[in-house]
Amino acid sequence: MAFDWRFVAEELRMADSVMPEGPRLCTVKFARRLLPGLRRRGLDALSRYYDVSIANRHRAGDDARATATILIRMLEAVDRQGIQYWDQLEDWLAGRPVALESRAPATGGCVCEAPCLEGSRGRVRPVDAGSLWLDGGAMFGVVPKPLWNRRAPSDERNRIPLAMRCLLVETEETTVLIDTGLGNKESDKFKSVYGVANLGDPTKLETSLSKLGVEPGDVDVIIATHLHFDHAGGGTVRGVTGEIGPAFPTARYVVRKGEYEFARLDNERIRASYMADNFEPLARAGCLDLVDGDVEVVPGIQLVHTPGHTPHHQSVRIDLGEEIVLFLADLVPTTAHLPLPWIMGYDVEPLVTLQSKKDVLGRAAAEGWMLAFEHDPFVAWGRATTPDGGKPGCVLEEVVEQALVSGANRPDGQGHTPASGRPTLEEAE
Ligand SMILES: [Zn+2]
Ligand SMILES: [Zn+2]
């Protein structure tokens with residue numbers, strides 16, 4: 001291997017210079033973690049990347065000098081992310097959460113009970129907006145019941161439990177809520193059909209937000225991943241006199257323009273999922289912010305087009321500084337949907353979903369993103385990592401559990417293991 005501390009150390013020893021002491025650092029692993037987009041991590045590739053010229057390539061002394069310069073650049077790069085100590089670097093290299101003492105806010109950090117991911121640019125917390133039960137067959141498309149039922153046990157009506165777990169993102173400047181659950185406008189019959197449990201003040205969404213110290217008037221931006229009733233229903237509220245208006249009075253509502261147009265098509269295949277009361281009152285109130293493309297909604301929070309479930313479905317990528325969180329929404333609704341072909345029957349373009357999953361999960365695994373699950377009854381998020389043997393897709397590590405659906409049975413045996421999302425061989429084929 002041409003690019004290693006030992007090589008530099010040996011050069012220094014031969015030059016009769018100071019012998020470096022201390023723990024060793026694998027520069028290849030370092031480069032892989034720091035520069036996941038780089039195809040090669042050898043000296044040539046890295047010197048090109050960092051624009052470090054080598055006086056005489058393959059002359060040991062010159063190669064060593066270039067190597068040391070590159071290492072300094074790499075250490076400077078992680079230093080800018082707040083990694084200043086050896087143990088922090090080790091944690092970061094191993095994909096563990098990094099304790100950044102020097103960057104901790106004056107309050108001493110987050111003390112709430114809900115799971116929390118905190119970085120130098122903000123924090124992310126899940127918000128319980130209630131639950132619903134949907135047909136298990138529809139939730140897993142072409143996957144046969146004997147397979148999906150092990151990972152997601154159904155009730156006597158063949159339904160499986162699903163959370164409506166929204167995401168609260170707080171930066172220094174802005175409070176952002178991604179998706180809003182189902183709202184309070186549907187009939188008792190509707191709620192019974194879908195097994196909806198979301199009672200609160202007026203719904204569970206507001207009650208959960210209040211527990212996190214956030215009132216509706218505090219939310220600056222609502223992002224809708226798409227306009228299906230279980231994702232956008234809580235954006236509007238029916239008041240005591242029956243009128244319907246924005247549930248977050250001072251927020252702007254960011255919706256993809258194509259999704260808004262698609263929701264208004266009113267064709268027979270998609271009609272059941274879109275209710276005009278979930279978005280038209282926002283348009284009338286003038287708070288709908290229709291956007292085109294993968295815009296950065298506020299600094300650090302970017303939309304990611306992940307089509308398939310609907311043609312304009314989007315996920316949301318949050319850059320916390322030290323950590324990237326991807327809110328998947330209905331691209332991968334639960335951890336059981338991580339295997340690439342496990343795609344919902346609800347999706348209007350399943351082959352497009354497949355491609356979106358390949359693209360997004362592959363990148364997430366390569367870069368170690370945290371994946372947040374909206375519908376998983378037990379799991380809030382977990383870290384994406386590449387499956388054994390470098391297969392496409394991803395599996396999870398560092399899973400953070402958050403059980404939200406009362407009455408949901410945990411899968412028995414080894415079928416559903418939220419800790420990995422790793423399908424057994426037969427499931428994967
Ligand atoms: Zn949906
Ligand atoms: Zn959904």
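No other residue among A224, A247 is under 20 Å from S273 (Cβ atoms), within 16 Å of ligand 1 (Cβ to nearest atom) and either touching a residue at least 24 places away in the same chain (Cβ under 8 Å) or not assigned by TED's automatic domain parsing to the domain that holds T310 (or both) apart from A224.
When the test is whether a residue is in contact (Cβ under 8 Å) with a residue 24 or more places away in the chain and in contact with a Pro (Cβ under 9 Å, 6 or more places away or on another chain), A329 does not pass it. Annotation note: Cβ proximity below 6 Å between a residue of segment 151-176 that is in the same structural domain as I222 (by TED's automatic domain parsing) and a residue that is within 16 Å of ligand 1 (Cβ to nearest atom) and among the aromatic types (F, W, Y) (sequence gap 6+ or interchain) occurs for R159/W133; P161/W133; L167/F327. With respect to the conditions (1) within 23 Å of R32 (Cβ to Cβ); (2) not in a loop (DSSP other than H, G, I, E, B), L351 lacks only one, and its number is (1).
Got at least one residue in segment 395-407 being touching a helix residue (DSSP H, G or I) at 6+ places or on another chain (Cβ under 7 Å), touching a residue at least 12 places away in the same chain (Cβ under 8 Å) and away from ligand 2 (no atom under 16 Å from the Cβ)? Within segment 395-407, one or more residues are touching a helix residue (DSSP H, G or I) at 6+ places or on another chain (Cβ under 7 Å), touching a residue at least 12 places away in the same chain (Cβ under 8 Å) and away from ligand 2 (no atom under 16 Å from the Cβ).
Among the criteria (1) in contact with a Gly (Cβ under 6 Å, 6 or more places away or on another chain); (2) closer than 19 Å to G141 by Cβ; (3) assigned to a loop (DSSP other than H, G, I, E, B), the one E322 does not fulfil is (2).
Inspect segment 268-282 for any residue being away from ligand 1 (no atom under 15 Å from the Cβ), touching a residue at least 60 places away in the same chain (Cβ under 8 Å) and assigned to a helix (DSSP H, G or I) and give the result as yes or no. Yes, the conditions are met somewhere in segment 268-282.
Out of all the residues in segment 250-267, which are within 16 Å of ligand 1 (Cβ to nearest atom) and among the hydroxyl-bearing types (S, T, Y)? Selection gives Y260 alone.
In segment 390-399, the qualifying residues are those that are crowded, with 17+ Cβ neighbours inside 10 Å and over 13 Å from T334 (Cα atoms), and the one that is modelled with the lowest pLDDT is G393. Can you tell me which residue in segment 227-244 is nearest to G181 (Cα to Cα), limited to those that are part of a loop (DSSP other than H, G, I, E, B) and more than 16 Å from ligand 1 (Cβ to nearest atom)? Among those that are part of a loop (DSSP other than H, G, I, E, B) and more than 16 Å from ligand 1 (Cβ to nearest atom), it is G239.
Among the candidates P387, P311, the residue that is on the phi < 0 side of the Ramachandran plot, within 16 Å of ligand 2 (Cβ to nearest atom) and surrounded by fewer than 21 Cβ atoms within 10 Å (Cβ to Cβ) is uniquely P311.
Please verify whether D266 is among the acidic types (D, E), away from ligand 2 (no atom under 16 Å from the Cβ) and closer than 27 Å to W133 by Cβ, treating the condition exactly as stated. Here the answer is yes, as D266 does meet what is asked. When I318 is tested against (1) crowded, with 24+ Cβ neighbours inside 10 Å; (2) within 16 Å of ligand 2 (Cβ to nearest atom); (3) not small (G, A, S), only condition (2) is not met. Filtering segment 236-251 for residues that are out of contact with any helix residue (DSSP H, G or I) (no Cβ under 9 Å at 6 or more places or on another chain) and closer than 20 Å to A329 by Cα leaves an empty set.
If you go through segment 306-336 and keep only what is under 12 Å from the mean Cα position of the chain (by Cα), within 13 Å of ligand 1 (Cβ to nearest atom) and not hydroxyl-bearing (S, T, Y), you end up with Q314, L328, A329, D330, L331, V332, P333.
Residues in segment 245-283 that are crowded, with 19+ Cβ neighbours inside 10 Å, within 15 Å of T180 (Cβ to Cβ) and not small (G, A, S): P246, F248, Y253, V254, V255, E259, Y274, M275, N278, F279, P281, L282.
Could you please let me know if T27 is exposed (fewer than 13 other Cβ atoms within 10 Å of the Cβ) and at pLDDT below 80? No, not satisfied.
The values are calculated or read from the model by the stated rules, or taken from the named source; none is laboratory data. These numbers were taken from a predicted model, which means no experiment stands behind them. Don't worry about glycine lacking a Cβ; one is built from the backbone with ideal geometry, like all the others, and counts go over all protein chains shown.
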